[in-house]
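Let me begin by presenting the structure, written as structure tokens, before commenting on it.
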Amino acid sequence: MAAQAITGHVDWKSDAMQARRRARYAADRRLQIYGMVAIFFALGFLAILVGTLSFTGYRAFVQTTATVEIDLSQADIDRGDLMGANWRNIVRDALRQQVGDIPRSDQRDYFNIFTSSAPFLVRDKVIADPDLLDGTARFSIPLSDPLDQLAKGQINPDLPENQRRVNDRQIEYFNQLQAKGLIAQPFNWGLFFNADSRFPELAGLAGAISGSFWALLVCFVISFPVGIAAAIYLEEFAPKNRLTDIIEININNLAAVPSVVFGLLGLAVFLGWFGLPRSAPLVGGMCLALMTLPTLIIVTRASLKSVPSSIREAALGIGASKHEAILHHILPLSMPTIMTGTIIGLAQALGETAPLLLVGMNAFITSPPAGIFEASTALPTQIYIWADSPERGFVARTSAAILVLLAFLVVMNAIAIFLRQRFERRW
Amino acid sequence: MNMLTDAAVEQKLHSTSNEAAIKMRGKDVTVHYNGKQALFGVNLDVPEQQVTALIGPSGCGKSTFLRSLNRMNDTIEGCRVGGEITLDGDDVYDPRIDVVELRARVGMVFQKPNPFPKSIYENVAYGPRIHGIARNKSELDQIVESSLEKAALWSEVKDRLNEPGTGLSGGQQQRLCIARAIAVSPEVILMDEPCSALDPIATAKVEELIDELRENYTIVIVTHSMQQAARVSQRTAMFHLGYLVEEGATDKMFTNPDDKRTQDYITGRFG
Ligand SMILES: Nc1ncnc2c1ncn2[C@@H]1O[C@H](COP(=O)(O)OP(=O)(O)OP(=O)(O)O)[C@@H](O)[C@H]1O
Ligand SMILES: [Mg+2]
């Protein structure tokens, strides 16, 4: 080798050289293969996750219902007091008419085929549209969870009666209803528009989705301006000394603090000292803001730093003041990156569970919150509650809720990617 | 192209012998970067409505001196300026001085064209707007037009004022930056190698421009081109290793310098 180097002559075709090159190409290929295997693993796990969730969850996206006609013109209803009518009897009479004679002993089982909230569903529909009182109206009544499971093939009717949650009489009546063509399985809009309920057939995510929305709104309103202001100060104004070094180190540390700690802090400070309402999206959002803030500061600082100094100089060079250079030029130029970072931070906050559990956002609430002060759940805590519920119907609903959460995450990250590509700058 | 014709020399001699007023004055200027000294006691006067060229080998402190004139050095971490620099007799490093006003009066054009990634119009209009120079839109339009006119760019861009400034050619971008600097009506324009990124044609245009601007503005220009210094400037200052070696009328500096280092540098023996 040494001799070759001195004479400047290298025999590139020699066996040794060729073997060496082959080995190097092989190393190239190996590196490529490692990468492909890694991606295959990552995608594989993702596919398994989404696959199993879809497999257990898809049933929750439809709900078995019975279509029942009720002749309201005959019913004994005082139009001035719709709330006060005996809806229970009205609905039971109508249900009874759907099948032939029902022995008294069977009535209880028969009514349990339908959701126990059927009278309230009918009442609410009529209150929303009193014209229904003039004639016969059709109502779509969800079946109760055991029958829903039966219809979806989750309960084996061939098992001995005492080993399943529907008895023989219920199966028989169900078959009668089905023979009359009253049973249907429409898309389960209730999953999105109902609030939580003790009964799986009525339980939906409306409360959780709006709770998450309010909490994220609070989180955004707090962390976005505070994060940007802090980042601008640290990047553009703060003197570089030991104090700012310590602040910087601590902000980076905060980004790695487990979220449960922020929950405990929220519990002690927001609920304990400030006396803010328990379970409210306000408090949940404040905890999430604490968690998002350091990430946001770090992202914002990095993006401010990446604006070339020539832009700053251009502005200062014609006599722009510091705030003008920052607000007119540097900040707008770093905004796309800041937005991306914010959305990714919010997506993280959306999936965060521990702090919300600690401030009580896992309460059982049957109406969606109308604002940030009302008790509410959030998507991840709703998943947590449902996963803990024994009814069969909640198993599928848990998976469905996870899919809904994942869908929101996908949308948010897609927006982040879109923003990044749309506003990417080239200098 | 050759501006050192007899007539031009005549004219230059005339304009320098006219004892112009001193616009800016550096007295015993020293600059340290993180404790390391980059300028040693520079004394230099910048006469009004003339072009002063700063020449010297790379790293000798030309940019450093230029940037201390309008306090652009303030933006550099660890940079400390000593001595005294005055604008119309007022110390620019006086803590009571308004830096924004100073930079509006002493504008700067940088080595690399740095238009904002905004429209051509916005680039020029930005300065007048933040300083509140224009009272209304039509005045602003006028300022933009006349600035681009003075920067010899108007005819090339008048139909595309809304296109991004970054889409212009290098030479056009530099003239846009000059227009942007002129638009705030500065008294002094500092130029740090404004032509180093330009081709000869664009360079010639910028040089012509500098010569015209001299009527209304005081100009300090850093250049590595001896020809350029000779062509556009009335006074020349020679820097070396952080010291001001010599300064004087350009034609004297280029024909009969006092210092041997100046002579060596001008004739290309080092640098
Ligand atoms: N930001 C800075 N930080 C530290 N030192 C610097 C900085 N800017 C310049 N210097 C130093 O100051 C000295 C003068 O630099 P300056 O940029 O003024 O030279 P110059 O004459 O403009 O050179 P050139 O012709 O290459 O642009 C050099 O030794 C340089 O290393
Ligand atoms: Mg320089």
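What is the sum of charges around B:A125, taking Lys and Arg as +1, Asp and Glu as -1, for the other residues whose C-beta is under 12 Å from the C-beta of B:A125? It would help to have the intermediate numbers written out before the result.
Values: positive: B:K118, B:R129, B:K137, B:R180; negative: B:E122, B:E139, B:D141, B:E145.
Residues near B:A125 contribute 0 overall.
Going by amide H atoms built from the backbone, whose H comes under 5 Å of the H on B:M108, apart from near neighbours?
Under 5 Å from the amide H of B:M108 lie the amide H atoms of B:L190, each far enough along the sequence or on another chain.
Got a sec? What order do A:D145, B:D90, B:D258 fall in by accessible area at 1.4 Å, biggest, i.e. largest, first?
Details: A:D145 10, B:D90 85, B:D258 120 Å².
The ordering from most to least exposed comes out as B:D258, B:D90, A:D145.
Report D for the stretch A:206-423 in µm² per second (integer): Stokes-Einstein, Kirkwood Rh on Cα pairs, 10 °C, 1.306 mPa s.
85
Ignoring the sites themselves, what is the longest stretch of chain B with no GluC sites (Glu not before Pro) in a DSSP loop and at most 13 other beta-carbon atoms within 10 Å? Before the final figure, lay out the partial values.
Details: sites that count: B:E19, B:E77, B:E215.
The segment B:78-214 is the longest one with no such site.
Over all Cα pairs of the stretch B:69-141, how is the pair count split among 5 Å bins, expressed in % and running from 0 up to the last occupied bin?
3, 12, 19, 19, 18, 13, 10, 4, 1
Can you work out the Karplus-derived ³J(HN,Hα) for every residue in the stretch A:169-183? Use 6.51 cos²θ - 1.76 cosθ + 1.60 with θ = phi - 60°, whole Hz, and x for glycine or proline.
5, 4, 4, 4, 5, 4, 4, 4, 4, 5, 4, 7, x, 8, 8
For q values of 0.06, 0.07 Å⁻¹, compute log₁₀ I(q)/I(0) with the Debye formula on a Cα-only model of the protein assembly as shown, without solvent.
Values returned for q = 0.06, 0.07 Å⁻¹ are -0.62, -0.74.
Would you check the accessible area of A:W12, probe 1.4 Å, heavy atoms only, in square angstrom rounded to 10?
Rounded to the nearest 10, the figure is 150 Å².
Helix A:281-305 sits at what angle to the longest principal axis of chain A, using alpha carbons and giving 0 to 90 degrees rounded to 10?
That helix lies at roughly 20 degrees to the long axis.
Could you compute how fast the stretch B:46-266 diffuses translationally, taking Rh as the Kirkwood radius over C-alpha pairs and applying Stokes-Einstein at 20 °C with viscosity 1.002 mPa s? Give it in µm² per second.
Values: Rh = 18.0 Å.
So the translational diffusion coefficient is about 119 µm²/s.
Compare the Cα positions of A:S334, B:I221, B:I85 along the charge dipole of the protein assembly as shown (+1 at Cβ of Lys, Arg; -1 at Cβ of Asp, Glu; about the Cα centre) and return the one farthest towards the positive end.
Comparing the listed Cα positions along the dipole, A:S334 ranks first.
Loop by DSSP (not H, G, I, E, B), at most 15 other beta-carbon atoms within 10 Å: where is the longest site-free stretch of chain A for trypsin sites (Lys or Arg not before Pro)? If you can, show how the numbers build up before the last one.
Working: sites that count: A:K13, A:R79, A:R165, A:K180, A:R198, A:K240, A:R278, A:R425, A:R426.
Formally, the longest exposed-site-free interval is A:279-424.
Quick one: what does P(r) look like for the stretch A:145-258 with 10 Å bins over all Cα pairs, in whole %?
11, 22, 18, 12, 11, 12, 9, 5, 0
For the stretch B:70-98, list residues with backbone N below 12 Å from a point placed 7 Å from the Cα of B:T30 toward its Cβ?
B:80-84
Stokes-Einstein diffusion coefficient for the stretch A:195-268 at 4 °C in a medium of 1.567 mPa s, Rh from the Kirkwood formula over Cα pairs: what value in µm²/s? Present the calculation step by step, with values, prior to reporting the outcome.
Values: Rh = 15.7 Å.
Value of D from the Cα-based Kirkwood radius: 83 µm²/s.
Please give the residues from the stretch A:317-331 for which the solvent-accessible area of heavy atoms, probe 1.4 Å, is smaller by at least 30 Å² with all protein chains in place than with the chain isolated.
SASA drop of 30 Å² or more in the stretch A:317-331: A:G317, A:I318, A:G319, A:E324, A:H328, A:H329.
Which of the residues in the stretch B:97-127 show a loss of at least 40 Å² in accessible area from their chain by itself to the complete set of protein chains, at a probe of 1.4 Å?
The answer is B:V100, B:R103, B:N114, B:F116, B:P117, B:Y126 - residues whose exposure falls by at least 40 Å² when every protein chain is included.
Can you work out the Karplus-derived ³J(HN,Hα) for every residue in the stretch B:80-97? Use 6.51 cos²θ - 1.76 cosθ + 1.60 with θ = phi - 60°, whole Hz, and x for glycine or proline.
10, 10, x, x, 9, 10, 10, 10, 6, x, 9, 5, 6, 9, 4, x, 7, 6
Roughly speaking, what is the centre-to-centre gap between the stretch A:82-150 and the stretch B:123-159 when only Cα atoms are used, to the nearest Å?
Rounded to whole Å, the Cα centres lie 76 Å apart.
Summarise the accessible area of chain A (1.4 Å probe, protein heavy atoms) by the percent that is carbon and sulfur. Display every interim value, and only then the final one.
Details: 13940 of 22630 Å².
Solvent-exposed carbon and sulfur of chain A make up 62 percent of the total.
In square angstrom, what is the accessible area per residue of chain A with a 1.4 angstrom probe? Let's see the in-between values first.
Values: 22630 Å² over 427 residues.
For chain A, the solvent-accessible area averages 53 Å² per residue.
Can you give the Rg to Rh ratio of the stretch B:17-57, both from alpha-carbon atoms, with Rh computed by the Kirkwood formula? Each step should come with its number before you reach the end.
Working: Rg = 13.0 Å, Rh = 11.9 Å.
With Rg and the Kirkwood Rh in hand, the quotient comes to 1.09.
For A:V166, what is the net charge nearby, where nearby means another residue's Cβ is under 12 Å from its Cβ and Lys, Arg count +1, Asp, Glu -1?
On the way: positive: A:R164, A:R165, A:R169, A:R392; negative: A:D109, A:D145, A:D148, A:E161, A:D168, A:E172.
Summing Lys and Arg as +1 and Asp and Glu as -1 gives -2.
The values are calculated or read from the model by the stated rules, or taken from the named source; none is laboratory data. The shown structure was predicted, so the numbers you read here are calculated from the model rather than taken from an experiment. Cβ sites come from the backbone with ideal geometry, for glycine too, and all protein chains shown count toward neighbours. For the accessible areas, the whole protein counts, side chains as well, though only heavy atoms, and no ligand, DNA or RNA atoms are used. Shrake-Rupley method; radii C 1.70, N 1.55, O 1.52, S 1.80 Å.
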